[in-house]
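Q: Have a look at the structure that comes next, please.
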Amino acid sequence: MTVSRILVTGGASGIGAAIARHWANLGHDVTITDVNDEAGRDLASSLGCTYVRLDVRNEEAWREFASGHETFDVAFLNAGVSTGDLVFGNPDTSPFTSFDLAAYRRTLGVNVDGVVFGVAHLAPAMVARGSGDIVVTASMASLYPIPPDPIYGLSKHAVSGFVKSLAPALVERGVYLSAICPFFVDTPLVPKEQQAQIRETGFDILTVDRVVEAAQMAVAERQAGAHWVIFPGAPIARHPDPTLG
Ligand SMILES: NC(=O)c1ccc[n+]([C@@H]2O[C@H](COP(=O)([O-])OP(=O)(O)OC[C@H]3O[C@@H](n4cnc5c(N)ncnc54)[C@H](O)[C@@H]3O)[C@@H](O)[C@H]2O)c1
């Protein structure tokens with residue numbers, strides 16, 4: 001087996017941790033980055049992989065990180081946050097009755113800058129080598145409205161536009177950029193009481209394993225600009241279905 005060099009941002013928790021665990025268990029050389037150092041180090045030591053602190057909002061930190069590491073074969077740009085009121089938010093705290101500038105900056109910083117800076121600093125080495133895969137953890141909120149958290153929706157639509165716009169140029173140089181788009185997943189990003197509210201509406205919550213399945217599919221299928229949708233009870237599918245024209 002060829003050992004691949006894999007990077008996972010936001011790899012200390014939830015989806016990122018599951019992605020890191022999957023590829024580490026297959027024997028690949030996985031680097032986890034996060035800002036939660038304790039969780040990141042604990043996970044890395046349990047998986048026998050590397051942990052590096054990297055605040056994805058910090059462009060200079062990305063520059064140092066990229067220059068200090070050999071080219072990655074696969075990068076999962078996964079770190080993300082919500083404004084803190086992801087589901088069925090109280091109208092009194094909605095961004096346009098009580099705008100929270102700090103939450104706005106944090107959400108766009110992690111979800112948008114974190115992806116743009118990651119691609120900007122990782123893709124050149126992949127392009128120089130003529131191969132690589134970059135998979136962004138986007139969201140169903142990249143494709144559909146998410147009224148309780150419009151700022152999160154903004155950030156995930158932005159990332160989707162970035163992936164679709166840049167992928168055709170990167171693929172010409174052998175680098176595959178795509179996105180995975182999960183519905184709600186059982187991670188700390190969605191508190192348990194909010195998960196219960198979602199279930200009450202008749203929808204199930206995804207396990208992280210389903211998202212790992214989509215991440216595997218994104219790497220295996222290598223479809224530039226593809227958005228892989230993960231919805232409870234349905235097979236993972238490309239959006240929009242390319243056969244629909
Ligand atoms: N959980 C869901 O329902 C869901 C659905 C669709 C998409 N997503 C997306 O999946 C991704 C992972 O989220 P999750 O659900 O696993 O949440 P999570 O909270 O379990 O994990 C997110 C990780 O990102 C890290 N992080 C936060 N700010 C960071 C920063 N500035 N720099 C580096 N790391 C940072 C956190 O410390 C955490 O370890 C996010 O992009 C999220 O938007 C989640």
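Laboratory data are not the source of any read-out in this text; all were calculated from the coordinates shown. From a predicted model like this one, the values you see are computed outputs, not experimental measurements. As a convention, Cβ positions derive from the backbone with ideal geometry for all residues, glycine included, and neighbour counts pool all protein chains shown.
Q: Name the residue farthest towards the positive end of the dipole of the chain from the options 4, 83, 65, assuming +1 on Cβ of Lys and Arg, -1 on Cβ of Asp and Glu, about the Cα centre.
A: The one lying farthest along the dipole's positive direction is 4.
Q: Please go through the stretch 147-212 and write out the GluC sites (Glu not before Pro) that DSSP classes as loop and that have at most 16 other C-beta atoms within 10 Å. Walk me through the numbers before you get to the answer.
A: Values: sites: 172, 193, 200; in loops: 172.
For GluC sites (Glu not before Pro) across the stretch 147-212 that sit outside H, G, I, E and B with at most 16 neighbouring Cβ atoms in 10 Å, the list reads 172.
Q: So for the chain, averaging the separation of alpha carbon pairs under 8 Å that are six or more residues apart and normalising by length, what relative contact order in percent results?
A: It comes to 17 percent, rounded to a whole number.
Q: Can you check how the C-alpha radius of gyration of the stretch 5-244 compares to 2.2 N^0.38 Å, as a plain ratio?
A: Values: Rg = 17.0 Å, N = 240, 2.2 N^0.38 = 17.7 Å.
Here the answer is 0.96, to two decimals.
Q: What number, in percent, do you get for the relative contact order of the stretch 161-236 if the mean sequence gap of Cα pairs under 8 Å and at least 6 apart is divided by its residue count? Spell out each step's value before the answer.
A: On the way: 98 pairs, mean separation 32.2, N = 76.
RCO, the stretch 161-236: 42 percent.
Q: Sticking with this structure for a sec: 7 Å from Cα along Cα→Cβ at both residue 221 and residue 234: what's the point-to-point distance in nm?
A: Between residue 221 and residue 234, the simple spin-label model gives 1.3 nm.
Q: Give me the percent of DSSP beta bridges within the chain that run antiparallel, rounded to the nearest 5. Intermediate values should be presented prior to the final figure.
A: Values: 3 of 30 bridges.
That works out to approximately 10 percent antiparallel.
Q: Simple spin-label model, 7 Å along Cα-to-Cβ: residue 100 to residue 173 in nm?
A: Simple spin-label model gives 3.8 nm for this pair.
Q: Which of these, 201, 137, 107, has the largest mean-square fluctuation under a Gaussian network model of the chain (Cα springs below 10 Å)?
A: 201
Q: Using θ = phi - 60° and the Karplus curve 6.51 cos²θ - 1.76 cosθ + 1.60, what whole-Hz ³J(HN,Hα) does each residue of the stretch 147-162 get, with Gly and Pro shown as x?
A: With the stated coefficients, the stretch 147-162 comes to x, x, 9, x, 5, 4, x, 4, 5, 7, 5, 4, 5, 5, x, 5 Hz.
Q: Along the Cα→Cβ direction, 7 angstrom out, place labels at residue 128 and residue 70. What is the inter-label distance in nm?
A: About 1.5 nm separates the two model spin labels.
Q: Give the Debye-formula value of log10 I(q)/I(0) at each listed q (0.12, 0.13, 0.14, 0.25 Å⁻¹), with one equal scatterer per alpha carbon of the stretch 131-211, two decimals each.
A: -0.42, -0.49, -0.55, -1.20
Q: Turning to a different aspect of this structure: Give the order of 4, 13, 131 when sorted by the count of other beta carbons within 10 angstrom, beginning with the fewest.
A: Numbers: 4 16, 13 19, 131 12.
Ordered by Cβ neighbours within 10 Å, fewest first: 131, 4, 13.
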